[in-house]
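Undergrad: Before I ask anything, here is the structure I am working with.
The values are calculated or read from the model by the stated rules, or taken from the named source; none is laboratory data. Quick caveat, the model's predicted, so the values are computed rather than measured. FYI the Cβ positions are ideal-geometry reconstructions off the backbone, even for glycines, and counts take in every protein chain you see. Calculation scope for accessible area: heavy atoms of the full protein, side chains included, ligands and nucleic acids excluded. Shrake-Rupley method; radii C 1.70, N 1.55, O 1.52, S 1.80 Å.
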Amino acid sequence: MNGTWHSHWRHAFKLDPDKTIGDEALEAICMSGTDAIIVGGSSGVTYENTIDLMARIRRYEVDCALEVSTLEGAVPGFDGYFVPLVLNTDRSEWIVGRQLQGLMEYGAFVPWEETAAQGYVILNGEATAARLTEARTALTEPELVAHVQLADRLLRLPIVYIEYSGAFGDMNMLWAASRHIQDAQLFYGGGIDSAEKAAQAAELAHTIVVGNVVYTDLNAALSTVRAVKHGESNLP
Ligand code: 1GP
């Protein structure tokens, strides 16, 4: 794994600027012992709601990164920036198109040292991101492995993100991805809503990302941090 600003993360919460979170819940999340807060969402992300959430998270010391999925939501002042490339879509706008558009507009202002591309493989067809990008989510295991190799070995992306957003994924698929990762940091996200699921996914991924449960069951969300911090990954 590359030694970069995000490489030590084992656990991250993903907060959606388009969703409401109270001050107390936000404090509990930021003070939970998680390694980072990722700000990002698939719809309804604007400059205003992104900067508002960033300012609130900034009261705490936790690392805070922005996943830049729309130009409207590109806000300066985060510790780091992720640029997602969706690898399992036929629509090139989600692989390089929007990213090029972003660079044409903001290329001069990109903090390159703190910016990392994420090779997304979206595997839950029901996820908003899957619908939006028309991702080919029904991949076989060999197809998934090829996507992982494309991202990790051929393109040398720093992060491979196995995304099941909204549903807990097939751990056999995550296992297959983890077996074939060489240098990239393996992120897993999707349906982690308990300590058990967190521990299971964290055994196979370098970093687990917990999203939706923050808004539905705060205590369960907090339990995922403890599960990861007490367990260890089998990955190198
Ligand atoms: C979403 O991977 C994250 O991008 C987390 O997924 O919301 O299902 O936890 P959940």
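Undergrad: Probe radius 1.4 Å, ligands and nucleic acids ignored: give me the carbon and sulfur share of the accessible area of region 2-48 as a rounded percent. The partial results should precede the final answer.
TA: On the way: 990 of 2030 Å².
Using a 1.4 Å probe with all protein chains present, region 2-48 comes out at 49 percent carbon and sulfur.
Undergrad: Go ahead and set up a Gaussian network model of the chain, Cα springs under 10 Å, then flag whichever of D152, D18, D35 fluctuates most.
TA: In the Gaussian network model the winner is D18.
Undergrad: Whole-Hz Karplus ³J(HN,Hα) for region 106-119, in order, using 6.51 cos²θ - 1.76 cosθ + 1.60 and θ = phi - 60°, x for Gly and Pro?
TA: Computed from phi, the couplings for region 106-119 are 10, x, 5, 9, 6, x, 4, 5, 10, 10, 9, 7, 10, x Hz.
Undergrad: Let me ask something else about it. I need the trypsin sites (Lys or Arg not before Pro) found in region 65-131, filtered to DSSP loop residues with at most 16 other beta carbons within 10 Å of theirs. Mind dumping the intermediate values first?
TA: On the way: sites: R91, R98, R131; in loops: R91.
Answer by residue number: R91.
Undergrad: Restricting to DSSP loop positions (anything but H, G, I, E, B) with no more than 14 other Cβ atoms inside 10 Å of their own Cβ, which trypsin sites (Lys or Arg not before Pro) remain in region 134-228? Each step should come with its number before you reach the end.
TA: Details: sites: R136, R153, R156, R179, K197, R226; in loops: R136, R156.
Taking region 134-228 and a limit of 14 other Cβ atoms within 10 Å, the loop trypsin sites (Lys or Arg not before Pro) found are R156.
Undergrad: Rounded to the nearest 500 deg cm²/dmol, what is the calculated helix-only ellipticity per residue at 222 nm for the chain, with -39500 (n - 2.57) per DSSP H run of length n ≥ 4?
TA: On the way: 9 runs with 81 residues, N = 236.
About -9500 deg cm²/dmol.
Undergrad: Can you tell me the accessible area per residue over region 11-230, all protein chains present, probe 1.4 angstrom, in square angstrom? Please report the intermediate quantities before stating the final value.
TA: Values: 9920 Å² over 220 residues.
With all protein chains present, region 11-230 gives 45 Å² per residue.
Undergrad: How much net charge surrounds Y215 when only the other residues with a Cβ under 14 Å from the Cβ of Y215 are counted, with Lys and Arg +1 and Asp and Glu -1?
TA: Details: positive: K14, K19; negative: D16, D18, E24, D193, D217.
Combined, the nearby Lys, Arg, Asp and Glu give -3.
Undergrad: As a test, work out the antiparallel percent of DSSP beta bridges whose residues both lie in region 11-230, rounded to the nearest 5. Show your work: numbers first, answer last.
TA: Details: 1 of 34 bridges.
Taking every DSSP beta bridge with both residues in region 11-230, the antiparallel ones total about 5 percent.
Undergrad: Between region 2-34 and region 81-125, what is the separation of their alpha carbon centroids in Å?
TA: Centre-to-centre distance over Cα atoms comes out at 21 Å.
Undergrad: Using the Cα centre of the chain as origin and beta-carbon charges of +1 (Lys, Arg) and -1 (Asp, Glu), tell me which of A55, A28, I181 is placed farthest towards the positive end of the dipole.
TA: Among A55, A28, I181, the one farthest towards the positive end of the dipole of the chain is I181.
Undergrad: Hey, can you grab everything whose amide H is under 5 Å from the amide H of Q118? Only 5+ residues off in sequence or another chain; H modelled, so Pro and N-termini drop out.
TA: Residues meeting the criterion, in which the H sits 1.01 Å from N, are V83, L85.
Undergrad: Further question on the same structure: Residues with beta-carbon under 15 Å from that of T137, excluding T137: net charge, scoring Lys, Arg +1 and Asp, Glu -1? Before the final figure, lay out each step's value.
TA: Details: positive: R91, R131, R136; negative: D90, E126, E134, E141, E143, E163, D170.
It works out to a net charge of -4.
Undergrad: Right, another one. Suppose a student asked you for the relative contact order of region 11-230, using Cα pairs under 8 Å spaced at least 6 residues apart; what percent would you report? Could you put the intermediate results ahead of the total?
TA: Values: 415 pairs, mean separation 36.7, N = 220.
Once normalised by length, the contact order is 17 percent.
Undergrad: Can you tell me the Rg and the Dmax, both Å, for the Cα atoms in the chain?
TA: So, for the chain, Rg and Dmax equal 16.3, 45 Å respectively.
Undergrad: Percent of accessible area on region 128-208 owned by carbon and sulfur, 1.4 Å probe? Write down the numbers at each step before the final one.
TA: Working: 1700 of 3440 Å².
C and S atoms contribute 49 percent here.
Undergrad: Can you compute the charge dipole magnitude of the chain about its Cα centre, using +1 on each Lys and Arg Cβ and -1 on each Asp and Glu Cβ, nothing else charged? Give it in debye, rounded to the nearest 20. Walk me through the numbers before you get to the answer.
TA: Working: 16 positive and 31 negative charges, 68 e Å.
Rounded to the nearest 20 debye, it is 320 debye.
Undergrad: Most mobile of G190, G166, G44 per a Gaussian network model of the chain (Cα springs, under 10 Å)?
TA: G44
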